[in-house]
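J.: My questions all concern the structure below.
The values are calculated or read from the model by the stated rules, or taken from the named source; none is laboratory data. All figures in this text were calculated on a predicted structure; none of them were measured in a lab. Glycine gets a Cβ as well: all are built from the backbone with ideal geometry, and neighbour counts include every protein chain shown.
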Amino acid sequence: MAFITEKLLEDCKYSYKLSPNVKKFTLKDTTFVQNNVGNFEFKRILEEVPNSGQGFLLKIIINPDLTGFKMSVTDKSGLRNVNIFKNANKIIQDKFYFQMDVFVDRDIFIKTEV
């Protein structure tokens, strides 16, 4: 999957665009981890019951020059994409929106209603 500047997950109410004001220290403050290639990775399990380990994996990767990103919600193994907005529990959707709103507040992403 190539790096993009804007992403709309299937059936999501919002599209997310990488902010031109994003900073590397902000990514580190929001628990992004820089890997060996230089990409910034964020992984979080969206769980209905906290600490259950049962849920879907939100994964975001931002390239080293902060010009593009990849975002996906997959099953826990990370192998299959999952549409959490069609059949998943509302709690999982709310956790996704809450996490993305944190990134919007920190000027990592710009949210646009579809």
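J.: When the stretch 26-57 is examined, which residues are found to be aromatic (F, W, Y) and either farther than 23 Å from I92 by Cα or touching a residue at least 40 places away in the same chain (Cβ under 8 Å) (or both)?
T.: Correct list: F40 only.
J.: With respect to F109, determine if the residue is modelled with pLDDT of 95 or more and out of contact with any Leu (no Cβ under 6 Å at 6 or more places or on another chain).
T.: So F109 passes the test.
J.: List pairs: first in the stretch 92-114 and at negative phi and touching a residue at least 24 places away in the same chain (Cβ under 8 Å), second surrounded by fewer than 20 Cβ atoms within 10 Å (Cβ to Cβ) and part of a helix (DSSP H, G or I), Cβ under 6 Å, 6+ apart or cross-chain?
T.: The qualifying pairs are R106/T26; K111/V104.
J.: Is there any pair linking a residue in the stretch 8-25 that is on the phi < 0 side of the Ramachandran plot to one that is small (G, A, S), with Cβ under 6 Å and at least six apart or on different chains, and which?
T.: So the pair list comes out as L8/S15.
J.: Filter the stretch 95-108 down to the residues that are more than 13 Å from the chain's Cα centre (by Cα) and exposed (fewer than 14 other Cβ atoms within 10 Å of the Cβ) and list them by number.
T.: Listed by number, the residues that qualify are D105, D107.
J.: Can you tell me how many residues within the stretch 47-71 are surrounded by 12 or more Cβ atoms within 10 Å (Cβ to Cβ) and acidic (D, E)?
T.: Looking only at that region, the number is 2.
J.: Another question, then. For the stretch 73-91, what are the residues that are under 12 Å from the mean Cα position of the chain (by Cα) and in contact (Cβ under 8 Å) with a residue 40 or more places away in the chain?
T.: Result: V73, single match.
J.: Follow-up. What is the one condition in (1) within 18 Å of F98 (Cα to Cα); (2) surrounded by 13 or more Cβ atoms within 10 Å (Cβ to Cβ); (3) among the charged types (D, E, K, R) that D29 does not satisfy?
T.: Result: D29 passes all but (2).
J.: For the stretch 46-64: of the residues being in contact with a helix residue (DSSP H, G or I) (Cβ under 7 Å, 6 or more places away or on another chain) and of a type outside the set (V, I, T), which is farthest from T74 (Cα to Cα)?
T.: Checked the stretch 46-64; the qualifying residue farthest from T74 (Cα to Cα) is E48.
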